[in-house]
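> First the structure, which I've put down as structure tokens, then a few questions once you've had a look.
Every read-out reported here was derived from the displayed coordinates using simple, explicitly stated rules and does not represent laboratory data. As the structure is a prediction and not an experimental result, all values here were calculated from the model. Because the Cβ atoms are built from the backbone with ideal geometry, glycine has one as well, and the counts that use them run over all protein chains shown.
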Amino acid sequence: MSFIIKCIDCGHNAPYYPTSTTCPKCNSQWREAEYDYEAIGKTLLVKLAARPFNLWRYRELLPVRNPNINLSLGEGGTPLIRAVNLGMMLGCPNIYIKDERQGPTASFKDRQASVTIAALKEAGITEMVAASTGNVAISYSAYASRAGVKLWAFVTSLVPAMKMREIALYGSQVIKITGSYDQCKQVASEFAHQRHLYQDLGARTITSIEAMKTIAYEIAEQLTAIQGADEEVPWRTPDWYVQSISGGMGPIGVYKGFREMKQMGLVNRIPAFAPIQAEGCAPMVDSWKKGLEKAEPVTSPKTRIETLATGTPGRSYELLREYVNNTNGAFESVSDEDAFRAMHVLAKMEGISAEPAAAVAFAGLFKLIRAGIIKPSDTVVVNCTGHTMPAEPGILGDNWSRDVKLMTSQQTPQEGLLSALSQVAPERFPKIVIVEDTAEARRLIRRILQSQGSFTILEASNGREGLELIQRELPDLVILDLMMPEMDGFTVIESLRAKTETATIPVIVATAKELTTDEKSRLSGQIQSLMQKGDFLNDEFLEEVKALIK
């Protein structure tokens with residue numbers, strides 16, 4: 001296998017060696033690997049057919065000459081999952097989740113660690129330094145221990161103690177820095193310089209970028225298997241690639257992967273890129289929206305999502321700015337609260353427990369779809385970069401569990417069991433009746449409500465059945481369609497308001513049709529809210545539900 005390292009500033013070519021971190025001609029640290037794409041493109045598809053679906057299936061396109069299979073922990077080959085419920089909720093049916101939680105240490109950083117450690121081992125390097133907010137150090141620790149490489153892990157004091165203990169468990173030396181992540185990187189850099197040790201430089205590390213590009217190759221293969229090949233090329237790419245970012249290394253690598261595939265004729269386009277940041281530390285987003293060519297640093301990050309608190313992105317912003325603009329993409333930022341809400345929605349609607357940093361990407365997806373930037377017909381891939389640690393109370397909120405006290409000595413076993421079970425659920429949760437003739441729409445509304453809280457949800461498939469259900473159950477809230485068989489929603493409302501026991505039950509009307517002036521007049525004063533179907537994820541709908549059932 002042959003490859004060279006090309007300086008992106010002066011174009012100088014040089015051989016690769018891990019400890020050579022600058023261009024020998026202009027001293028730039030920004031270089032990337034280049035391969036014989038014409039030759040590789042002619043044979044790659046045939047070779048892939050006989051290889052397992054993991055990171056090393058693309059070995060001709062990685063800067064490791066002789067990959068050592070004994071160092072592997074099963075990295076890469078993560079699933080691409082269609083987000084059926086999210087797609088229905090957002091009115092964008094082709095949303096896919098690249099589930100990087102299923103890497104060996106539950107984050108996409110396993111790709112970075114596996115390729116870098118393999119290259120270091122091949123070069124005979126036995127000691128390294130890395131600064132981290134948690135996941136990078138965990139991944140490096142796992143692979144370093146397997147390869148017999150000593151890791152000095154510099155982490156900020158805000159990294160959860162649980163993650164620090166896992167880093168130490170692998171045998172790495174943890175150095176806790178009381179300061180920002182940018183300060184942590186400075187200390188790590190000085191330590192590596194004094195001891196002449198190899199240091200991971202994030203987006204400036206050639207192996208890191210090369211490792212991340214394998215995400216793009218996998219997405220193209222997986223999407224082709226799901227949707228079929230694109231016109232005149234073997235593989236298919238999505239319309240959008242969405243990922244949360246701190247320093248920006250992931251999307252820089254993924255972009256390179258799609259660019260290489262296009263160069264080899266495997267795909268015909270590069271997707272639009274959407275890097276998402278936390279609002280409390282969004283130097284790239286803010287600078288892009290201001291039209292700046294260089295990023296304005298954030299000196300005091302104000303986000304609780306510490307893994308995304310890189311205030312000084314440097315050259316990474318300039319690269320990502322170019323990629324976003326070239327693909328007609330968009331930078332976006334979301335609040336911590338938006339991210340935590342997205343964690344709940346993702347877990348309760350898709351069964352995927354993502355860490356807050358990963359949830360930032362999903363909150364960004366919601367925002368871009370609401371703004372009309374991502375269209376309903378677009379195919380979108382979101383990188384779910386890591387699995388949540390045990391969720392903190394601040395994310396779960398109050399009353400997330402219920403205590404059960406088993407029988408006392410004065411109770412019979414049966415009495416004790418019945419008493420204990422009565423404590424599992426309160427006497428009643430707020431009761432909501434959904435009256436909607438389309439089963440898919442009922443399921444969507446149910447799932448959205450379930451993702452936001454604990455309710456007793458009852459359903460009816462037509463107006464007459466719905467009216468009988470409401471009169472019998474006397475719910476706290478009714479969500480009602482207007483156009484239904486047996487009895488339309490207008491008649492249901494009028495019947496409810498005509499009887500004392502149902503006259504004050506709040507009603508939210510959900511309709512897909514544009515109402516005439518007469519229809520709006522007929523509803524005036526009779527309902528609490530009128531929502532268009534497709535708006536259910538809006539905060540307005542959820543806040544309306546919460547307000548009406550208090």
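> Okay, helix-only estimate at 222 nm for the chain: each DSSP H run of n ≥ 4 adds -39500 (n - 2.57), divide by all residues, round to 500 deg cm²/dmol; what do you get? Please report the intermediate quantities before stating the final value.
Details: 19 runs with 220 residues, N = 550.
Rounded to the nearest 500, it is -12500 deg cm²/dmol.
> Can you find, among Val334, Pro297, Ser461, the residue sitting farthest towards the positive end of the charge dipole of the chain, where Lys and Arg contribute +1 and Asp and Glu -1 at Cβ?
Final value for the positive-end residue is Pro297.
> Would you kindly derive the ³J(HN,Hα) couplings of region 280-295 from the backbone phi angles with the Karplus curve 6.51 cos²θ - 1.76 cosθ + 1.60 (θ = phi - 60°), listing them in order in whole Hz, with x for Gly and Pro?
Ordered by residue, 3J(HN,Hα) equals x, 7, 10, x, 6, 4, 4, 5, 5, 5, 7, x, 7, 7, 10, 7 Hz.
> Same structure again: Using +1 at the C-beta of Lys and Arg and -1 at the C-beta of Asp and Glu, which of Cys23, Val46, Tyr35 has the Cα lying farthest in the positive direction of the dipole of region 18-95?
Val46
> Next up: Per q in 0.17, 0.18, 0.20 1/Å, what log10 I(q)/I(0) does a Debye calculation on the alpha-carbon atoms of region 109-204 return?
-0.64, -0.72, -0.90
> What is the dipole size for the chain, taken about its Cα centre, with +1 at each Lys and Arg Cβ and -1 at each Asp and Glu Cβ, in debye to the nearest 20? Intermediate results must be reported in sequence, preceding the final value.
Details: 59 positive and 64 negative charges, 321 e Å.
The calculation lands at about 1540 debye.
> Between region 90-147 and region 203-263, what is the C-alpha centre distance in whole Å?
Cα centres, region 90-147 to region 203-263: 17 Å.
> Same structure, new question: Give the residue from Ile117, Ile270, Leu223 lying farthest towards the positive end of the charge dipole for the chain; charges sit on Cβ (+1 for Lys and Arg, -1 for Asp and Glu) and the dipole is referred to the Cα centre.
Value computed over the given set: Ile117.
> For region 431-548, with only Lys/Arg (+1) and Asp/Glu (-1) charged at the beta-carbon, what is the dipole magnitude about the Cα centre, in debye rounded to 20? Could the numbers behind the result be given before it?
Numbers: 14 positive and 21 negative charges, 43 e Å.
Dipole magnitude for region 431-548 comes out near 200 debye.
> A follow-up question, please. Please sort 348-358, 515-525 by packing, taking for each peptide the average over its residues of neighbouring beta carbons within 10 angstrom, highest first.
Numbers: 348-358: 21.8, 515-525: 11.0.
Taking the mean over residues of other Cβ atoms within 10 Å, the ranking is 348-358, 515-525.
> Per-residue counts of other Cβ atoms within 10 Å, averaged by peptide: what ranking do you get for 473-486, 40-53, 2-15, highest first? Write down the numbers at each step before the final one.
Values: 473-486: 20.2, 40-53: 12.5, 2-15: 14.4.
Taking the mean over residues of other Cβ atoms within 10 Å, the ranking is 473-486, 2-15, 40-53.
> A further question follows. State, as an integer percentage, the relative contact order of the chain based on alpha-carbon contacts under 8 Å between residues 6 or more apart.
Working: 1014 pairs, mean separation 59.3, N = 550.
Dividing the mean separation by the residue count of the chain yields 11 percent.
> Computed on alpha carbon atoms, what radius of gyration and Dmax characterise the chain, expressed in Å?
When restricted to Cα atoms, the chain yields Rg and Dmax of 27.0, 86 Å.
> If the cut-off is 28 Å between C-alpha atoms, which lysines fall inside it for Lys375, apart from same-chain ones fewer than 8 positions away?
Within reach: Lys98, Lys213, Lys256, Lys262, Lys289, Lys290, Lys348, Lys367, Lys513, Lys533.
> Determine the sum of side-chain charges near Glu501: Lys and Arg each +1, Asp and Glu each -1, restricted to other residues whose C-beta is under 12 angstrom from that of Glu501.
Computed value for this residue: +2.
> Sticking with this one: For the chain, find the longest principal axis of its Cα atoms and tell me its angle to the long axis of helix 37-48, 0 to 90°, nearest 10.
60 degrees
> Further question: Add +1 for every Lys or Arg and -1 for every Asp or Glu among the other residues with Cβ under 14 Å from the Cβ of His387, and state the total. Numbers along the way, then the final one.
Values: positive: Lys98, Arg101, Lys109, Lys163; negative: Asp99, Glu100, Asp110, Glu166, Glu350, Glu355.
Net charge around His387: -2.
> Once amide H atoms are placed 1.01 Å from N in the peptide plane, what residues at a sequence separation of 5 or more from Thr156, or on another chain, have their amide H within under 5 Å of its amide H?
Ser132, Ile177
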